[in-house]
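Derivation of every value follows stated rules applied to the coordinates shown; laboratory data play no part. Everything quoted here is computed from the prediction, not taken from an experiment. Ideal geometry is used to build each Cβ from the backbone, glycine not excepted, and the neighbour counts take in all protein chains shown.
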Amino acid sequence: MGKRKRVAVEEAVSWAGAVPTAEEARDTLLAAAHGTARGTADRLAPGLELPAEVAEGAHLAGQQVIARVCRGGWLPEDLDQAARRHVDEFARSFVLDALAAHVEQFASATVHPRWREQLEDVGAVRWWPDPHLTHWAAKHILTPAEALTTVIEALGFLLTLPPVTLVLPVPGTATPERPAHHAVDEKKLGRVRALLAKAESSSFPDEAEALSAKAQELMTRYALDRVLVEAGEAAPELPAARRIWLDTPYVDAKSLLVHVVSKADRCRAVFDPRWGFVTVVGDEADLDSVELMTTSLLVQATRAMIADPAGRSRAFRKSFLVSYATRIGERLDQAAEATIAEAPDRDRLLPVLASHELKVESAFSTRFPEVVHKSVTVRSHEGWGAGREAADRARLGE
């Protein structure tokens, strides 16, 4: 578990010599959490206990704040990723428990399937009998003062989260989805995953890049077949959106790789540097392709960068990743053009792709009406050259 943090202190949280009501405890904890969000907090009184009213107050405070965060567009994976970066494991566990308690009040049909999947993926499931605070503190072997300090830290973290672009319906508002016109072909997706897994495990760069190229070729051909079929349908599926979180360091350089892969897969992407994620807009199947390919290429790029004997400085590594992404983008575009040129229904395919591009562009502009374009600075010629050479080995589209 993460290191137990101590909140900076100046005043004592006091229950005025008596056990507070649940509402008083909620208000006191939220007030202290607002202080934490501003960089200050209150000292917890020594010898503090956790009566039922205080436990209920912590629950009420958590539910009040987590409901606001969910309405603000944050998904379970987003909360988990952000918590991992900004609070310790104790506060993160409180956040996930609060999330699980919040969602369980809604009927299953009103919670989007991907919301439920993400809840399970991050472990946000109810495991405790009431009252939560008492059992949660015992589970993590926290004293009452440590438990409430962590609750304040978790609430303070949640209060810092700004609204983000809504990519899935808020729990309680989802409606039954119409069946997908063309569900993902798991057999084809399995072949792509197998190729990328081999690429990631290979110790031979040429082999890894060739395997990645074959995976991209399969995904492109599958996508072109799909858009042709969907073009003849009365109600084509609307573009969706997905967030991809990037690990530090060099998140701006890594976001460029997500951008070029998204472009090659007929999607649009925008990077949020405040939190380190990229939001990608496109068809669900194309979003799956972007996520698979980006994850694999990041693994391969990092391995090649670290293996380079010159790649020890930050300037080299960032330049390497920018160059790698730039060259991969060029090759992915070339591969896509070659695949389209070789398509048997090319004359029919081109206007369908143009219509598809307009549909994605419209969905992207609706979600992100104001996008600022920024460049990434490269400070190492050696890193740029090494990154380009690593990407050149891809032979994408060949």
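Does region 12-159 classify as rounded, prolate or oblate by the C-alpha gyration tensor (a ≥ b ≥ c root eigenvalues; a/c under 1.5 gives rounded; else a/b over b/c gives prolate, otherwise oblate)?
Prolate is the answer for region 12-159, as a/c is 1.5 or above and a/b outweighs b/c.
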Region 49-92 shape via C-alpha gyration tensor axes, a/c threshold 1.5: oblate
Ascending count of other beta-carbon atoms within 10 Å, so fewest first, for I141, I328, I66: I141, I66, I328
Full-stretch length increase - E207, S365 - with 0.36 nm per residue and alpha-carbon distance subtracted: 53.0 nm
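For S362, S108, which order do you get if you count the other beta carbons within 10 Å of each Cβ and list the fewest first?
Taking fewest neighbouring Cβ atoms as first place, the list is S108, S362.
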Loop-resident sites, region 296-342, for trypsin sites (Lys or Arg not before Pro), counting at most 14 other Cβ within 10 Å (DSSP): R312
Inter-site label distance for T21 and D347 at 7 Å from Cα along Cβ, in nm: 7.8 nm
Length released on extending from E382 to T295, taking residue separation times 0.36 nm less the Cα-Cα span: 28.8 nm
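Would you work out the charge dipole size for region 12-159 about its Cα centre, treating the Cβ of every Lys and Arg as +1 and the Cβ of every Asp and Glu as -1, and quote it to the nearest 20 debye?
Working: 12 positive and 20 negative charges, 71 e Å.
Charge dipole of region 12-159: 340 debye, to the nearest 20.
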In range of the label at A138: residues from region 98-116 whose backbone nitrogen is under 19 Å from the point 7 Å along Cα→Cβ: 98
Within region 186-392: Cβ-based charge dipole about Cα centre, in debye rounded to nearest 20 (Lys, Arg +1; Asp, Glu -1): 720 debye
